[in-house]
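Each remark here refers to the structure printed beneath this line.
The values are calculated or read from the model by the stated rules, or taken from the named source; none is laboratory data. Keep in mind that what you see is a predicted model, and the values were worked out from it rather than measured. Glycine gets a Cβ as well: all are built from the backbone with ideal geometry, and neighbour counts include every protein chain shown. Just the protein is used for accessible areas: all its heavy atoms, side chains included, with ligands, DNA and RNA removed. Shrake-Rupley method; radii C 1.70, N 1.55, O 1.52, S 1.80 Å.
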Amino acid sequence: MAWRKPTADKVMGMAKEGYSMPTTLGSIRRLIMTPALADVTAAKRGFPVRESEITRHLEAIPQSVICGFEWGIDARGLWEVERRLNQIQPELRGFAYEGATMAFTIVDTMGRRGHRTRELLEGPGSPHIFLAYIGIGFAMARLPRPLWKKVLPDLHGSPYHPTMSWLAVDGYGFDRAYFDTERWVDRQHRPKPYPWLGSPDYFDRAVDQGIGRCLWFIHGAQAADVAARIEGFAQERRPDLWSGVGLAATFAGGADAAGLESLRRLSGAHAADLAQGSVFAAKARTYAGHVPEYGAAATLALTGLSPEAATTLADDSAVPETAGGAGLPAYEMWRTNVRRHFLSVVENRTA
């Protein structure tokens, strides 16, 4: 069973009533749009891995997203959603907020009152803003493309809006690779460009960052298999794929010290891209207020920095939204500044 995209008319009819109504309508939405927890396991998705403690660890992440989505789509109000999400252990809570954001985005976009997502992300979801953008991308995978122009809430009070909203496009790429692996990974499908924040030429690159994240899950955090799969992609796509892998390896975990060292070594000329993704993951974890041990270990292994130092690097490398231009958004300029740090480190070591 794939995560189905219902017709626009069906979702529109269900979403008009809003989340303040009794949960019968929400339950209908949930049954139509939500996969069973077993449907996001590696075995069910046909990923080339054997069940293990690592795969079960990774499977808990999309399962947490599903829980958050169900609570969001079936909710009576924000207070109830917040209380439910807070029951999730800190390590996985951000992923549950991804799911809730996905649910609110769908209801806002298809319904009459488009304020639920904004209230969530300006309120209890604020510490998880980076993952919440990814949840918006999951919603995009289930919404007709003409409605994408409505998915971003007005978050001008956030210092990361709209620059980090490119993570929504990343989330879209991850979703498509996870649920349609044969097309998006095996056949390496490229989506039609979309003018996200006025930069259609960058859309494919942000999608590739999400596909790279997904490769970490598809191959069960096995560095050699991830690296071999990336080698099968066109050369120009590999930097963004490696960046996605670095983000996933750090934020999601799954690799021990030897596996992380192997990943860093196999990244080769793309070690700075891998490190850049790891830095962004460290930033997201510290901003949410919880860095698991595996996240700290991955940050150190892939960047040589502690999560705190990686966060400082991310903050020092940021650029204002107005800095974007020449087809490159401010988000990519931010990523470039982080990559340059690691390239300069390598140059100094070899000088």
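All conditions but one from (1) modelled with pLDDT under 95; (2) under 20 Å from the mean Cα position of the chain (by Cα); (3) among the charged types (D, E, K, R) apply to GLU347; the one that does not is (2). The set of residues from the range 53-87 being closer than 27 Å to VAL291 by Cβ and assigned to a loop (DSSP other than H, G, I, E, B) comprises ASN86, GLN87. Scanning the range 88-132 for residues that are at pLDDT 95 or above, in a loop (DSSP other than H, G, I, E, B) and open to solvent by 10 Å² or more (accessible area, probe 1.4 Å) gives ILE88, GLN89, GLY123, PRO124. Checked against the criterion of being modelled with pLDDT of 95 or more and open to solvent by less than 50 Å² (accessible area, probe 1.4 Å), the candidates VAL11, VAL65 yield just one match: VAL65. Return yes or no: is SER165 over 15 Å from the mean Cα position of the chain (by Cα) and among the small types (Gly, Ala, Ser)? No. The set of residues in the range 228-241 that are aliphatic (A, V, I, L, M) and open to solvent by less than 10 Å² (accessible area, probe 1.4 Å) comprises ILE230, LEU241.
Rundown of residues vs (1) assigned to a helix (DSSP H, G or I); (2) at negative phi; (3) touching a residue at least 12 places away in the same chain (Cβ under 8 Å), yes/no style:
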site	(1), (2), (3)
SER278	yes, yes, yes
TYR287	yes, yes, yes
LEU305	no, yes, yes
ALA314	yes, yes, yes
THR322	yes, yes, no
SER344	yes, yes, no
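Does at least one position in the range 80-100 carry a residue that is within 17 Å of the chain's Cα centre (by Cα) and among the β-branched types (Val, Ile, Thr)? No: the range 80-100 contains no residue that is within 17 Å of the chain's Cα centre (by Cα) and among the β-branched types (Val, Ile, Thr).
If you scan the range 290-307, which residues turn out to be closer than 15 Å to VAL338 by Cβ, crowded, with 23+ Cβ neighbours inside 10 Å and not β-branched (Val, Ile, Thr)? Of everything in the range 290-307, those that are closer than 15 Å to VAL338 by Cβ, crowded, with 23+ Cβ neighbours inside 10 Å and not β-branched (Val, Ile, Thr) turn out to be LEU302, PRO307.
Within the range 133-142, which residues are part of a helix (DSSP H, G or I) and farther than 18 Å from ALA284 by Cβ? Write out each step before concluding.
Of the range 133-142, the ones part of a helix (DSSP H, G or I) are 133-140.
Passing the criteria: ALA139, MET140.
For TYR287, indicate whether it is closer than 27 Å to HIS156 by Cα, at pLDDT 95 or above, of a type in the set (Phe, Trp, Tyr) and open to solvent by 50 Å² or more (accessible area, probe 1.4 Å). Here the answer is yes, as TYR287 does meet what is asked. Among residues that are at pLDDT below 95 and either more than 27 Å from PRO127 (Cα to Cα) or open to solvent by 60 Å² or more (accessible area, probe 1.4 Å) (or both), ALA326 is included. Residue-level check: of (1) surrounded by 22 or more Cβ atoms within 10 Å (Cβ to Cβ); (2) on the phi > 0 side of the Ramachandran plot, GLY268 misses just (1). Quick check on my filter: what residues within the range 146-166 are within 17 Å of GLY198 (Cβ to Cβ) and open to solvent by less than 70 Å² (accessible area, probe 1.4 Å)? Those that are within 17 Å of GLY198 (Cβ to Cβ) and open to solvent by less than 70 Å² (accessible area, probe 1.4 Å): TRP148, VAL151, LEU152, HIS161, PRO162, THR163, MET164, SER165, TRP166.
Can you tell me which residues in the range 256-265 are out of contact with any Leu (no Cβ under 6 Å at 6 or more places or on another chain) and either among the β-branched types (Val, Ile, Thr) or under 21 Å from HIS57 (Cβ atoms) (or both)?
Just the residues of the range 256-265 that are out of contact with any Leu (no Cβ under 6 Å at 6 or more places or on another chain), to begin with: 256-263, 265.
Once the filter is applied, which keeps residues that are out of contact with any Leu (no Cβ under 6 Å at 6 or more places or on another chain) and either among the β-branched types (Val, Ile, Thr) or under 21 Å from HIS57 (Cβ atoms) (or both), the range 256-265 yields ASP256, ALA257, ALA258, GLY259, LEU260, GLU261, SER262, LEU263.
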